[in-house]
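Structure record follows, encoded as structure tokens.
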Amino acid sequence: MFGKRDAFRKAFRGFDVAKVAAMTEQDVDRLVEDISIIRNRGKIQATVDNARTMLSASPSLLVLARSYEITRERAPRSAADLPKSTPQAEAFAKQLKSQGYRFVGPTSVYAFMQNVGVINDHVHGCFRATDYPTTARSH
């Protein structure tokens, strides 16, 4: 048995944008019947359409994301201090929608920005947190 992420990876061809963009109506029909993933036809079709949009996008999503980069002076103290979205993510989502992307709201865009590293949400105590130096641990 494998988890949802693995099921989505399999269903959407390893998340290879060109392979997802090449998916056909028959592929969408098949995925709507796949109980291991979300079977919402609109979301599945939007994923295929977004991959097609991504292939022709200029500038790339990463370049766009970097233009909305968020810098912090202090790392969040805990996961409870992390926002679900920010004004930058809201603006980025609006820009993506204007370029033809669908099902891209501020929350999913914020998660994307975290994943590509334009937002550092590592919390206090994590060696990757922006303002807390790594200290040697005693053994």
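The values are calculated or read from the model by the stated rules, or taken from the named source; none is laboratory data. Because the structure is a prediction, the values reported are computed rather than measured. Cβ coordinates were reconstructed from backbone atoms using ideal geometry, including for glycine residues, and neighbour counts include every protein chain displayed. What goes into the accessible areas is simple: the full protein's heavy atoms, side chains included, and nothing from ligands, DNA or RNA. Shrake-Rupley method; radii C 1.70, N 1.55, O 1.52, S 1.80 Å.
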Is it the case that region 16-24 has a residue that's out of contact with any helix residue (DSSP H, G or I) (no Cβ under 8 Å at 6 or more places or on another chain), among the hydrophobic types (A, V, I, L, M, F, W, C), closer than 30 Å to residue 129 by Cβ and open to solvent by 30 Å² or more (accessible area, probe 1.4 Å)?
no
Only one of (1) surrounded by 16 or more Cβ atoms within 10 Å (Cβ to Cβ); (2) touching a residue at least 40 places away in the same chain (Cβ under 8 Å); (3) more than 20 Å from residue 93 (Cβ to Cβ) does not apply to residue 78, and that is (1)
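Look at residue 84 and say whether it is among the basic types (Lys, Arg), in a helix (DSSP H, G or I) and closer than 25 Å to residue 5 by Cβ. Give the derivation first.
On the way: among the basic types (Lys, Arg): yes; in a helix (DSSP H, G or I): no; closer than 25 Å to residue 5 by Cβ: yes.
So residue 84 fails the test.
Listed here are the residues, each with its yes/no results for (1) charged (D, E, K, R); (2) at pLDDT 90 or above.
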{"position": "41", "(1), (2)": "yes, yes"}
{"position": "46", "(1), (2)": "no, yes"}
{"position": "64", "(1), (2)": "no, no"}
{"position": "78", "(1), (2)": "no, no"}
{"position": "81", "(1), (2)": "yes, no"}
{"position": "92", "(1), (2)": "no, yes"}
{"position": "95", "(1), (2)": "no, yes"}
{"position": "100", "(1), (2)": "no, yes"}
{"position": "108", "(1), (2)": "no, yes"}
What tally of residues in region 26-55 results from selecting those that are free of Cβ contacts under 8 Å to residues at least 12 places away in the same chain and either over 20 Å from residue 101 (Cβ atoms) or among the hydroxyl-bearing types (Ser, Thr, Tyr) (or both)?
6
Just checking, which of 9, 30, 39 is part of a helix (DSSP H, G or I) and open to solvent by 100 Å² or more (accessible area, probe 1.4 Å)?
30
